[in-house]
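The structure under discussion appears below in the form of structure tokens.
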Amino acid sequence: MSTKGTVQKMIKGLYVHIPFCNSICGYCDFARCRYSSSLADKYLMHLEKELSEIKQDSFYTVYIGGGTPTSLNEKQLERLLEMLSRFKAEKEYTIEINPESFNREKALLIKKYGVNRVSIGIQSFNESLLAHMGRKHNSKDVDNTFRYLDEAGIKNRSIDLIFGFQTQSLANVITDLQKAVRLNVTHISIYDLEIYPNTIFGIKRYEKLDDETCFIMYQSIVEYLNLHGYRQYETSNFAFGRYQSQHNRLYWKYEDYKGVGLSASSKIRNIRTDNTKNFVDYLNDRYVAKTIRLSDEELIFEAIMMNLRMNEGIDIKEFDKRFNCNLLEKHHLAIEKNIAKGLLEVKSGFLKTTNKGIFVLNDILVDFMN
Amino acid sequence: MDQKYIRNFSIIAHIDHGKSTLADRILEATKTVQSRDMVSQILDDLDLERERGITIKLNAVALTYDADDGNSYRFHLIDTPGHVDFTYEVSRSLAACEGAVLVVDASQGVEAQTLANVYLAIDNNLEVIPVINKIDLPNAMVDYVKQEIEHDIGLDTSNAPLISAKTGINIHEVLESIVKYIPAPSGDPKAPLQALIFDSYYDSYRGVIAAIRIKNGTLKVGDNIRFMSNGNSYLVTELGIRSPKEINKQSLGCGEVGWLAASIKSVKDVRVGDTITTTDNPCKQPLPGYKQLLPMVYCGLYPTDNGRYNDLRDALEKLQLNDASLVFEAETSQALGFGFRCGFLGLLHMDVVQERLEREYNLDLIATAPSVIYEVKLTNGKTLRIDNPALVPASQYVDKISEPFVSAKIMSPAEYIGPIMELCQKKRGIYKDIIYLDEKRVMVVYELPLSEIVFDFFDRLKSCTKGYASLDYELIEYRSSSLQRMDVLINGEVVDALASIVHSDFAYQRGSNITRRLKELIPSQLFEIPVQAAIGGRVIARTNIKAYRKNVLAKCYGGDISRKKKLLEKQKEGKKRMKYVGEVEIPQEAFMALLSMGEEIK
């Protein structure tokens with residue numbers, strides 16, 4: 001990636017957060033609130049202000065996430081896409097969509113503004129499970145969503161799935177995967193349910209499936225998807241062929257990104273900025289809640305933490321050059337210990353987790369902490 | 001101070017029934033403390049006590065009260081701890097009083113724990129004034145509770161003040177009742193000195209400070225005094241009362257409660273219940289009721305970070321300055337490294353010491369399951385006293401093992417006799433007596449092995465009597481039993497810190513329970529781990545911890561980095577509390593698994 005001659009493209013990804021949802025899911029701990037048309041109008045106004053401060057106008061990837069971006073009405077969605085139209089998304093332009101709030105108009109709108117990838121919040125194809133997790137869509141909404149995307153000609157489609165709910169069996173999970181495979185999606189993110197304290201499930205002290213069952217499910221998922229051409233490239237992410245999420249890869253490669261909107265984070269060189277999670281502050285243009293200057297040590301640890309999530313692992317040479325260090329020497333204790341345990345390996349210039357290590361990445365990372 | 005204007009009393013109450021709040025109100029009402037200076041609940045001066053709602057350290061406060069009769073009275077409010085481990089201390093504090101205020105929650109009624117202390121007060125011939133608290137609560141049942149007090153305890157409630165300590169309603173009546181119903185101290189000021197020690201604590205400038213009650217005679221600064229239990233003599237350097245700050249006095253008169261300093265170096269020399277007299281004019285007899293307290297329960301305490309062994313020793317030494325009943329000596333464990341075997345009065349005492357070490361000295365500790373002292377007679381005729389099960393020699397060298405038996409008195413409503421007896425029977429108890437205290441209350445007396453009480457008796461007693469029973473026990477003798485050492489092996493290695501002494505009748509059951517508990521507590525590793533229980537090299541129970549383990553964050557995108565990093569930091573903290581046996585990581589709770597074996601008795 002050469003930078004000579006042109007305006008330097010320092011920041012690779014742009015993330016835009018839309019915090020509205022039509023309903024709140026039991027497990028969700030993102031910054032979100034129930035959609036209100038007037039609040040959304042105000043929000044977009046201030047989002048536009050925040051966007052206007054960005055000097056760079058071209059990114060490798062642009063990603064609109066949430067919340068639920070499609071909870072915006074058509075007018076608001078168009079306004080959002082319009083204000084983003086000054087940014088060029090060179091490789092990938094993604095928007096998160098939810099079946100219950102998607103329609104033909106919105107499909108055509110996103111197509112018109114150049115969105116070339118959607119990430120669909122399916123979570124499961126099983127209706128009773130959807131009700132259990134507090135989702136409001138049904139299988140008809142899902143069918144429709146795929147039809148609108150077909151009509152609009154958006155072919156690069158990722159779906160989100162979750163496993164680990166009490167009522168789920170391994171058969172349920174595999175049925176969901178079968179359905180996804182049959183729909184020819186290009187990418188699947190499948191998450192092991194995590195219960196956070198400030199979520200509906202957290203407050204109700206929801207008990208997820210036991211660890212042993214989840215572990216078996218996870219292994220079965222990896223096997224099943226690999227068998228059907230979906231290669232695992234990150235802990236919870238599987239790509240058909242070349243369809244990895246370019247935007248999310250930036251995070252895992254620990255590249256620089258800019259986040260705008262409520263609660264969004266940016267990392268630009270050694271500065272991390274966390275936007276406020278407080279609506280009132282945001283609507284008074286006090287976007288930034290916290291700015292952290294990361295030390296070299298912190299940068300190195302965070303890069304390891306993110307890189308090792310990817311199956312490809314850490315490109316050792318690139319890493320050493322980037323952080324002006326010698327990774328294998330610097331962390332030789334942690335690396336040797338985990339190689340001996342069969343959790344890490346060094347292969348063709350990459351330090352990466354083994355098939356065994358990928359399940360216990362936290363244990364490995366703790367060894368890399370000072 | 002004229003004796004007839006002195007009133008010495010304690011407040012007795014169940015946890016949460018409002019003892020400390022009432023004490024606060026009394027301090028305010030007597031203007032001992034301005035309300036704005038008040039840290040709520042002044043008598044409980046340790047954080048820990050406040051948090052657990054119990055009072056461990058004794059304290060006495062002098063108050064001045066101008067009564068309706070126009071006289072000015074001196075009240076000494078003596079605080080008492082409230083748990084079975086400290087029964088003896090409670091009885092000594094009560095012995096320093098003439099009366100007690102019994103606080104009963106109008107919405108809860110009389111509770112079992114209160115009863116034990118009320119009986120203790122009655123045993124000490126105290127005048128007990130019932131006070132009904134929390135009458136402002138919507139669910140207050142004043143008449144019902146009055147009836148309960150009359151019926152269950154046998155106290156007249158016709159003059160019982162109805163109060164709300166929280167809002168201050170009728171506190172005045174309580175103060176007047178104290179003047180009216182609690183007798184003035186009766187001692188003879190001209191007799192030789194007899195002063196009762198009911199508490200002590202260490203002060204780094206003046207040495208040990210003893211809390212005392214003058215029963216007979218008078219004590220002055222400069223007197224030569226003698227402790228009757230050990231004959232040690234000291235020169236009194238300072239005397240005083242607390243209000244609640246220390247106020248120095250030149251003398252303490254008959255009936256007064258105060259403190260003394262005499263350059264005493266160790267709390268061990270100042271024994272609660274001991275009698276102080278003067279060397280010039282000694283009394284003939286000590287006051288009745290002195291007992292020397294011995295540790296009954298032992299456990300190993302180890303720093304999770306072996307580098308902090310010296311810090312742990314320093315901390316134990318400091319705690320011991322104020323706690324004569326805490327004993328410790330160095331020991332080593334293959335599994336846990338260097339640590340200390342510590343002796344305690346009982347389980348609560350053990351808990352409190354552990355918490356103080358962790359909180360006040362910032363230590364991370366691993367504690368082994370508590371044990372009693374066993375007497376092990378060897379085949380060569382020698383007898384060993386062993387407080388650590390891991391040190392019991394292999395069975396071929398052991399002739400017999402004896403264990404301490406206690407006489408346990410369980411007080412309870414009569415309807416629970418059945419479950420209590422069943423429990424005692426299962427705990428190898430020997431039935432002695434059932435005494436009907438009145439038609440509703442009984443005292444069940446059993447002889448029980450102390451090891452069973454240390455094990456989980458108290459929890460089970462509480463659960464089979466819905467919390468109504470109270471337990472008091474004292475050591476009677478050592479008896480030989482059919483006991484054996486049970487070892488636990490994890491991944492093929494004996495973990496010495498998990499050894500226990502079991503009765504042969506229960507060996508199989510305990511073996512399978514402990515292996516099952518450990519399976520729940522030890523996190524899965526990347527390889528299968530056998531967990532075995534063995535007696536004399538013979539495996540009696542086994543489970544396997546399967547080799548599955550997942551520990552990875554499902555989601556980690558751009559906005560998650562800070563938060564996820566914190567989770568990892570927390571995991572790293574948790575790891576500090578793990579111990580490695582071979583390659584297996586064992587969390588702290590596993591070492592206590594011997595104690596909480598779940599549904600052992602059905």
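The values are calculated or read from the model by the stated rules, or taken from the named source; none is laboratory data. All figures in this text were calculated on a predicted structure; none of them were measured in a lab. Cβ placement follows ideal geometry from the backbone for every residue including glycine, while neighbour counts extend to all protein chains displayed.
Looking at this structure, is B:Ser229 under 28 Å from B:Asn362 (Cα atoms), polar (S, T, N, Q) and either touching a helix residue (DSSP H, G or I) at 6+ places or on another chain (Cβ under 6 Å) or in contact (Cβ under 8 Å) with a residue 12 or more places away in the chain (or both)?
no
Restricting attention to the stretch A:41-97, the residues that are part of a loop (DSSP other than H, G, I, E, B) and of a type outside the set (Ser, Thr, Tyr) total 10.
B:Ala191 meets all of the listed conditions (1) assigned to a strand (DSSP E or B); (2) surrounded by fewer than 22 Cβ atoms within 10 Å (Cβ to Cβ) but one, namely (1). Just so you know, in the stretch B:87-139 the residues that are under 19 Å from the mean Cα position of the chain (by Cα) and among the charged types (D, E, K, R) include one that is surrounded by the fewest Cβ atoms within 10 Å (Cβ to Cβ), and it is B:Glu111. One residue stands out among those in the stretch B:365-385 that are assigned to a strand (DSSP E or B) and crowded, with 20+ Cβ neighbours inside 10 Å: the one that is farthest from the chain's Cα centre (by Cα), which is B:Val376. Quick check on the stretch A:331-346. Is at least one of its residues at pLDDT 95 or above and within 24 Å of the chain's Cα centre (by Cα)? For the stretch A:331-346, residues at pLDDT 95 or above and within 24 Å of the chain's Cα centre (by Cα): absent. Tallying residues that are in contact (Cβ under 8 Å) with a residue 60 or more places away in the chain and either buried (at least 17 other Cβ atoms within 10 Å of the Cβ) or at the interface with another protein chain (Cβ under 9 Å from one of its Cβ atoms) (or both) within the stretch A:315-370 yields 6. Scanning the stretch B:436-452 for residues that are surrounded by 17 or more Cβ atoms within 10 Å (Cβ to Cβ), more than 17 Å from B:Glu474 (Cβ to Cβ) and hydrophobic (A, V, I, L, M, F, W, C) turns up just one, B:Val442. Evaluating A:Arg293 against the criteria (1) closer than 16 Å to A:Phe368 by Cα; (2) touching a strand residue (DSSP E or B) at 6+ places or on another chain (Cβ under 7 Å); (3) not aromatic (Phe, Trp, Tyr) leaves one unmet condition, (1).
Just one residue in the set B:Tyr431, B:Tyr446 is without any contact (Cβ under 8 Å) to a residue 24 or more places away in the chain and either part of a strand (DSSP E or B) or out of contact with any Phe, Trp or Tyr (no Cβ under 9 Å at 6 or more places or on another chain) (or both); that residue is B:Tyr431.
Those residues that are within 14 Å of another protein chain (Cβ to nearest Cβ) and among the hydroxyl-bearing types (Ser, Thr, Tyr), I need them from the stretch A:200-219; list them, please. A:Thr213, A:Tyr218, listed by residue number.
Taking the residues in the stretch A:244-258 that are touching a helix residue (DSSP H, G or I) at 6+ places or on another chain (Cβ under 6 Å) and at negative phi as candidates, determine which candidate is farthest from the other protein chains (Cβ to nearest Cβ). Restricting to residues being touching a helix residue (DSSP H, G or I) at 6+ places or on another chain (Cβ under 6 Å) and at negative phi, the top hit is A:Trp252. Being more than 30 Å from B:Met443 (Cβ to Cβ), more than 11 Å from chain A (Cβ to nearest Cβ) and touching a strand residue (DSSP E or B) at 6+ places or on another chain (Cβ under 8 Å) is the requirement here; does B:Asp496 meet it? So B:Asp496 fits the description; yes.
Do we find a residue being in contact (Cβ under 8 Å) with a residue 12 or more places away in the chain, crowded, with 17+ Cβ neighbours inside 10 Å and not charged (D, E, K, R) anywhere in the stretch B:553-564? Within the stretch B:553-564, one or more residues are in contact (Cβ under 8 Å) with a residue 12 or more places away in the chain, crowded, with 17+ Cβ neighbours inside 10 Å and not charged (D, E, K, R). So in the stretch A:101-131, with the set limited to residues that are within 18 Å of A:Ile174 (Cα to Cα) and surrounded by fewer than 16 Cβ atoms within 10 Å (Cβ to Cβ), which one is nearest to the chain's Cα centre (by Cα)? Only one residue tops the list, namely A:Glu127. Annotation note: of B:Asp472, B:Asp433, the sole residue that is among the acidic types (Asp, Glu), more than 26 Å from B:Tyr298 (Cβ to Cβ) and surrounded by fewer than 19 Cβ atoms within 10 Å (Cβ to Cβ) is B:Asp433. When each of A:Ile292, A:Ile300, A:Ile268 is tested for being β-branched (Val, Ile, Thr), within 13 Å of chain B (Cβ to nearest Cβ) and surrounded by 19 or more Cβ atoms within 10 Å (Cβ to Cβ), the lone residue that passes is A:Ile300. Is there a residue in the stretch A:153-161 that is closer than 23 Å to A:Ser220 by Cβ, in the same structural domain as A:Leu14 (by TED's automatic domain parsing) and either assigned to a helix (DSSP H, G or I) or in contact with a Cys (Cβ under 8 Å, 6 or more places away or on another chain) (or both)? Within the stretch A:153-161, none of the residues are closer than 23 Å to A:Ser220 by Cβ, in the same structural domain as A:Leu14 (by TED's automatic domain parsing) and either assigned to a helix (DSSP H, G or I) or in contact with a Cys (Cβ under 8 Å, 6 or more places away or on another chain) (or both). Among strands (runs of 3 or more DSSP E) entirely within the stretch A:176-242, having at least 1 residues that are at pLDDT 90 or above, surrounded by 13 or more Cβ atoms within 10 Å (Cβ to Cβ) and of a type in the set (Val, Ile, Thr) singles out A:187-192. Filtering the stretch B:546-584 to residues that are more than 9 Å from chain A (Cβ to nearest Cβ) and of a type in the set (D, E, K, R) leaves B:Arg563, B:Lys566, B:Lys570, B:Glu573, B:Lys576, B:Arg577, B:Lys579.
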